[in-house]
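Written out below as structure tokens is the structure these notes cover.
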Amino acid sequence: MNKLSTFLIGALIILITGCDVQSQSQLGSILKQIPTATGNPTTTEIASGIKQALEIGTSAGADKLSAKDGFLGNAAVKILFPTEAQKVEKTLRTLGLGSLADNVVTSLNRAAEDAAKEAKPIFVSAIKQMTITDATNILLGNNNAATAYFERVTTSQLMAKFKPVVTSSLSKVGATKYWGDAAASYNKLPLITPVNTDLSAYVAQKAIQGMFVQIAQEELKIRSDLSSRSTTLLQKVFSYADRNK
């Protein structure tokens with residue numbers, strides 16, 4: 001409750017004690033309408049609070065990952081060689097071609113950072129379409145309930161949006177060339193099985209996974225860090241969740 005609300009409540013209490021019964025009733029009704037961060041939120045407040053929290057969280061997550069080194073500098077989401085191509089990386093480094101392997105890794109992550117810029121509108125749309133039931137289930141659900149919701153309703157849209165961006169970005173940052181050089185160098189070796197990985201699909205999938213990892217971190221922050229509840233509505237809604245878990 002802010003200072004103004006406290007002052008108003010105090011003033012109304014003083015007025016009520018000096019008024020007749022009818023006036024006291026009218027002032028009492030006004031008093032009940034003064035918003036506070038305590039008490040149980042309405043279903044509308046829960047929906048609004050969850051949407052506000054998710055707008056903050058998804059925006060912060062997308063901004064972090066779309067920045068330079070958002071993927072490359074974050075060990076939790078950094079994109080490495082595809083599993084089936086890790087033998088390529090190992091061989092290149094053994095042959096003294098470590099810089100070529102490093103170029104591949106850097107370019108993969110730069111492409112993911114470019115793709116992350118496309119995520120915000122998709123998340124905003126998913127938030128707007130969220131029902132009161134969705135919001136309540138998220139609020140009172142597990143610590144990753146919001147992340148699970150986004151995985152369910154946005155993954156296919158994110159893939160459709162990310163893959164062409166990744167394809168373009170891979171060419172722009174030189175990943176296609178670096179990967180082609182790396183694969184060609186490896187595939188020339190005797191007695192090996194050639195590697196042909198669809199880089200665009202791989203990077204898009206890893207970028208989406210990284211996005212959900214980041215959103216999960218943002219969700220946990222607002223659930224567990226009181227200082228992240230930056231508005232009266234968020235305080236009221238998540239305090240209610242704390243009391244009901």
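The values are calculated or read from the model by the stated rules, or taken from the named source; none is laboratory data. It should be emphasised that the depicted structure is a prediction, and the values quoted were computed from it without experimental measurement. Heads up, the Cβs are rebuilt from the backbone with ideal geometry, glycines too, and the neighbour counts pull from every protein chain shown. For the accessible areas, the whole protein counts, side chains as well, though only heavy atoms, and no ligand, DNA or RNA atoms are used. Shrake-Rupley method; radii C 1.70, N 1.55, O 1.52, S 1.80 Å.
General remarks:
- Criterion violated by PHE81 - all others in (1) assigned to a helix (DSSP H, G or I); (2) free of Cβ contacts under 8 Å to residues at least 60 places away in the same chain satisfied: (1)
- Only a single criterion out of (1) of a type in the set (A, V, I, L, M, F, W, C); (2) modelled with pLDDT under 90; (3) open to solvent by 40 Å² or more (accessible area, probe 1.4 Å) is not satisfied by LEU80, namely (2).
- Condition check for PRO41 on (1) out of contact with any Asp or Glu (no Cβ under 7 Å at 6 or more places or on another chain); (2) within 20 Å of LYS172 (Cβ to Cβ): one failure, at (2).
- The one condition in (1) over 23 Å from SER200 (Cβ atoms); (2) touching a residue at least 40 places away in the same chain (Cβ under 8 Å); (3) open to solvent by less than 70 Å² (accessible area, probe 1.4 Å) that GLY98 fails to fulfil: (2)
- Residue list for region 213-245, filter: within 27 Å of LYS161 (Cβ to Cβ) and surrounded by 20 or more Cβ atoms within 10 Å (Cβ to Cβ): GLN214, ILE215, ALA216, GLU218, GLU219, ILE222
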